[in-house]
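Read through the structure below, which is laid out as structure tokens, and then see the notes.
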Amino acid sequence: MKSSRTLGLVMIAPAAVMIVLFFLMPVVLTAVFSMTNMTTATGISGGVYQIAPNSLIALKSAMPEIATEMAEPRYTIDEAGLKAVEGLGLAPGIAAELRAKHTGEVFPARRDVERMIKDLAERPSTREVKQISEQFNRSVLNTRFDSKGQLFSALDGLGFQLTPEQKEIVAKTTYTGWTWTSDNFSRMARSPDMARVLFNTVLYVALVLTLFNVGYALLLAILTHYMPPTPASIFRGIWLLPRITPVVIYVLLWKWLAWDSGFISILMGKFGYPPKNYLLDTAYNAWFFVVLINGFIGASMGMLVFSSAMKAIPKSQFYASEVDGASRWQQIRYIILPQMRWPILFVTCYQTLSLLASFNEILLATNGGPGNATEVWALSAYHTALRNYAGNLEYGLGAAMALVLVVIGVVLSLLYLRVFNYGTLVAQPLIED
Amino acid sequence: MAEQSQPSANYRSWPVITALTIVSLPLLLMYLYLFLDTVTVKQPDALLPSGLTLNHWRFLWQTTPGKANIWHVTLNTLLFSACTTSLVLIVSSMAGYVLSRLNVPARGFFLAGVMVLHAFPSVTLIIAIFIVLQMIGLYNSLIGVILVKAAIDLPLGIWLMKGFYDTVPWEIEMAGVVDGASRFRVWRSLVLPQVKPGIMALALFSFLAGWGEFILPQVLAPGNDVQVLSVYLAGFLFDDNNYDFNMFKAVGLFYLVPVLIAYALFNKYLMNIYGGGSKG
């Protein structure tokens, strides 16, 4: 029937709209922004054309003569200047003569315009000549033009003889807003800092994943599996605490533990060691804590998945093995671990993605320090785009870095969907009418 | 659990329990001292407290200079998590039903897409949304953060709800349809009550996730008027010069207590989510 189809579309519409607007759009926009050189310096909503000293330096390599000319003031006898001269309260003949004989003339240098003014019928004094010439100073330097058209008409008005190609170059070098570029990606490929961050990321994911998310989680699950129910649920409860605790408090607790006025410092002080910041002391210490902080959170999910998978193993297998005289170790080795293959694979896949994207804990704990020792890719993207101590937030570069994560995420998850046999997940609906 | 009540002869549990306790010690210590330090006085180099005090809780009745009022911030946090939760619940309970039972075009694609979306790093969303909000001038408002946070939780919510709907026997719906109820009516009055555990799980998960969310409000709504507790507390954390751990801990405990209560009351529902997976 048609009604169920319509109802389906109506009911899924809110989800679709939200996901498109607040999930897909940002991802697409990230791709767009990654192709720009958008920063706080260029602004985010387009710029103006301004012949500033630094743009002239850029222009010098392409067109040295024009750059030098632009650096000099130009003098144009125009109506605005004439009005200003009239307002100076000099002899009225000066303005009148200038208007009659010289309107529209352009003088490339101060010397030229002053020679002309001196030759006027009224013969102004040297001081007056300077005053008058100043009214016609029409330097392009540091004037803002909202559009290319305004820039070009100003250049034409000042008598610059430029070909269209030259104009385009001038427009390009004097534009203060962001432009399209693929520089971000070549910068990422070349920069040694990025290589370092990439290495950090791989190290971070590998260490946390193997030591905690899988290794320790499996250990916890097996140990609590064999425990009487009360201690088992106590330990599970303890190891779930990091996951339910808001990340800010959780990291605060670790800071209290490792800070120079914190628990470890006080404890070591009892043995005569001077207090120090164990968290940011050396790169090794920072890594140690970063792995612990994230690992303690990650262990819980693996523990739950593995525990429930172990519960699903038929008890008869354990009884049978017990009768045959198997030790605990043999039970683990030959009964539990072989049946844990899928849960382990699932946790590994899932947590790889989570770890790649996670940076909250590191941001709050070490903020990537000491130096750049614990800066991982996601944190680096965040720093580049949103919290840069150098002051200039590089939105474009940050977006490009984030895009790399998106690509990795999509590729990996498509791979996982394949591994986990996506077809069974989207079997046809139960009722169709 | 296998023979949990009678440990057999080839196994004694106390060495294992001791070992696990030692490994869990850092966590236990941290949470124990989180509570202790907020109500006691301690000499700077002492490990044990020397007296009781309520001074660390002074933030409750006096506002730290340059900081927002704690009750205002708490209200914002509550508003933020409650709105996010309702949005996620409504939207994903509808979408999950559609994906589980109704045949819509591009259903498989939608499901796979939702799965893939879950893998998208939130840093992508933050950077782009920050720029967009700056462009349109909606930066520093709670509504923007709520929508973004809800969108981030949606993929998980939709998948979870779909899973729960899949377990509802289709005879229930068939009966309703045969009796002449519309599909919408069947969903509202017959199916929805069947997936209550799922709704509870998702509600609790979204609420806790919203309550603890840090990076989105930090970037998109850092202003004092719209600040949430995580940003408020992080303000202390980032301030390296002025470390009053005891007061931070009091704020932290104040912030953590609702989480612990909610968790203690409803943890069996929440396990449905954490067992199935979430970020972290």
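The values are calculated or read from the model by the stated rules, or taken from the named source; none is laboratory data. What you see is a predicted model, and the numbers here were worked out from it, not measured in a lab. We place every Cβ from the backbone using ideal geometry, glycine too, and count neighbours over all the protein chains shown. Each accessible area value is taken on the protein alone, full model and side chains, heavy atoms only, with ligands, DNA and RNA left out. Shrake-Rupley method; radii C 1.70, N 1.55, O 1.52, S 1.80 Å.
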Determine which single condition B:Gly180 fails, assuming it passes every other condition in (1) closer than 27 Å to A:Val406 by Cα; (2) outside any helix (DSSP H, G or I); (3) open to solvent by 20 Å² or more (accessible area, probe 1.4 Å). (1)
Checked A:Ala206, A:Ala258 against criteria (over 27 Å from the mean Cα position of the chain (by Cα), more than 9 Å from every other protein chain (Cβ to nearest Cβ) and not β-branched (Val, Ile, Thr)); the one match is A:Ala258
What's the number of the condition A:Ile332 fails, among (1) farther than 20 Å from B:Ile152 by Cα; (2) free of Cβ contacts under 8 Å to residues at least 60 places away in the same chain? (2)
Exactly one condition in (1) within 10 Å of chain B (Cβ to nearest Cβ); (2) in a helix (DSSP H, G or I); (3) open to solvent by less than 30 Å² (accessible area, probe 1.4 Å) is not met by A:Ile313; state its number. (2)
Any pair with Cβ under 6 angstrom, 6 or more apart, that starts in the range A:8-36 at a residue that is more than 7 Å from chain B (Cβ to nearest Cβ) and ends at one that is in a helix (DSSP H, G or I): A:Ala31/A:Leu403; A:Ser34/A:Asn184; A:Ser34/A:Ala399; A:Ser34/A:Ala400; A:Ser34/A:Leu403; A:Thr36/A:Gly396
Among A:Ser300, A:Ser321, which is among the polar types (S, T, N, Q), more than 9 Å from chain B (Cβ to nearest Cβ) and more than 30 Å from A:Pro192 (Cβ to Cβ)? A:Ser321
Condition check: open to solvent by less than 30 Å² (accessible area, probe 1.4 Å), under 25 Å from A:Leu252 (Cα atoms) and touching a Gly at 6+ places or on another chain (Cβ under 9 Å). Does B:Thr85 satisfy that? no
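Any residue at all in the range B:99-113 that is in a helix (DSSP H, G or I), farther than 19 Å from B:Arg188 by Cα and of a type in the set (A, V, I, L, M)? Talk me through it step by step, then tell me what you get.
Step one: of the range B:99-113, the residues in a helix (DSSP H, G or I) are B:99-101, B:107-113.
Add one more test, that the residue is farther than 19 Å from B:Arg188 by Cα, and what stays is B:107-113.
Remaining after also requiring of a type in the set (A, V, I, L, M): B:111-112.
The answer is yes; a qualifying residue exists.
Among the residues of the range B:17-45, count how many are in a helix (DSSP H, G or I) and within 29 Å of B:Asn55 (Cβ to Cβ). Spell out how you get there, then give the answer.
Initial filter on the range B:17-45 (in a helix (DSSP H, G or I)): B:17-39.
From what's left, within 29 Å of B:Asn55 (Cβ to Cβ): B:25-39.
Looking only at that region, the number is 15.
Looking at B:Tyr232, B:Tyr263, B:Tyr269 in this structure, which one is in contact with a helix residue (DSSP H, G or I) (Cβ under 6 Å, 6 or more places away or on another chain) and either within 30 Å of B:Ile131 (Cβ to Cβ) or modelled with pLDDT of 90 or more (or both)?
Working: B:Tyr263 fails: either within 30 Å of B:Ile131 (Cβ to Cβ) or modelled with pLDDT of 90 or more (or both); B:Tyr269 fails: either within 30 Å of B:Ile131 (Cβ to Cβ) or modelled with pLDDT of 90 or more (or both).
Going through B:Tyr232, B:Tyr263, B:Tyr269 in turn, the sole match is B:Tyr232.
Residue by residue, here is whether (1) out of contact with any Cys (no Cβ under 8 Å at 6 or more places or on another chain); (2) more than 7 Å from chain B (Cβ to nearest Cβ); (3) part of a helix (DSSP H, G or I); (4) surrounded by fewer than 19 Cβ atoms within 10 Å (Cβ to Cβ) holds:
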position	(1), (2), (3), (4)
A:Val214	yes, yes, yes, no
A:Ala217	yes, yes, yes, no
A:Thr224	yes, yes, yes, no
A:Met227	yes, no, no, no
A:Phe235	yes, no, yes, no
A:Leu240	yes, yes, yes, no
Cβ pairs under 6 Å, 6+ apart or interchain, first in the range A:45-56 and touching a residue at least 24 places away in the same chain (Cβ under 8 Å) and closer than 16 Å to A:Ile169 by Cα, second surrounded by fewer than 16 Cβ atoms within 10 Å (Cβ to Cβ) and of a type in the set (D, E, K, R), ordered by first then second residue, are A:Val48/A:Arg144; A:Val48/A:Asp146; A:Gln50/A:Arg144
Number of positions in the range B:115-145 that are buried (at least 23 other Cβ atoms within 10 Å of the Cβ) and β-branched (Val, Ile, Thr): 7
Counting only residues that are open to solvent by 50 Å² or more (accessible area, probe 1.4 Å) and among the basic types (Lys, Arg), which one in the range A:56-104 is farthest from A:Asp119 (Cα to Cα)? A:Lys60
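What's the total number of residues in the range A:277-296 that are buried (at least 17 other Cβ atoms within 10 Å of the Cβ) and either free of Cβ contacts under 8 Å to residues at least 40 places away in the same chain or within 9 Å of chain B (Cβ to nearest Cβ) (or both)?
6
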State all residues of the range B:111-138 that are more than 7 Å from chain A (Cβ to nearest Cβ) and farther than 20 Å from A:Val32 by Cα; if no residue qualifies, say none. B:Gly113, B:Val114, B:His118, B:Leu138
By residue number, the members of the range B:30-74 that are facing chain A (nearest Cβ under 10 Å) and surrounded by 15 or more Cβ atoms within 10 Å (Cβ to Cβ) are B:Met30, B:Tyr31, B:Tyr33, B:Leu34, B:Asp37, B:Lys42
For B:Glu213, which of the numbered conditions (1) modelled with pLDDT of 90 or more; (2) within 11 Å of chain A (Cβ to nearest Cβ); (3) open to solvent by 50 Å² or more (accessible area, probe 1.4 Å) fails to hold? (3)
Residue hits (the range A:355-402; farther than 26 Å from A:Leu253 by Cα, assigned to a helix (DSSP H, G or I) and more than 7 Å from chain B (Cβ to nearest Cβ)) are A:Thr384, A:Gly396, A:Leu397, A:Ala400, A:Met401
Residue that is farthest from the chain's Cα centre (by Cα), among those in the range B:102-114 that are open to solvent by less than 10 Å² (accessible area, probe 1.4 Å) and within 15 Å of A:Ile19 (Cα to Cα): B:Leu111
Please work out if A:Ile249 is open to solvent by 20 Å² or more (accessible area, probe 1.4 Å) and in a helix (DSSP H, G or I). no
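So, A:Ile335, is that one more than 28 Å from B:His118 (Cβ to Cβ), within 10 Å of chain B (Cβ to nearest Cβ), of a type in the set (A, V, I, L, M, F, W, C) and not in a helix (DSSP H, G or I) or not? Outline the logic, then answer.
Details: more than 28 Å from B:His118 (Cβ to Cβ): yes; within 10 Å of chain B (Cβ to nearest Cβ): yes; of a type in the set (A, V, I, L, M, F, W, C): yes; not in a helix (DSSP H, G or I): no.
For A:Ile335, the condition - more than 28 Å from B:His118 (Cβ to Cβ), within 10 Å of chain B (Cβ to nearest Cβ), of a type in the set (A, V, I, L, M, F, W, C) and not in a helix (DSSP H, G or I) - is not met.
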In the range B:98-110, which residues are facing another protein chain (nearest Cβ under 7 Å), in contact (Cβ under 8 Å) with a residue 24 or more places away in the chain and touching a helix residue (DSSP H, G or I) at 6+ places or on another chain (Cβ under 6 Å)? B:Ser100, B:Leu102
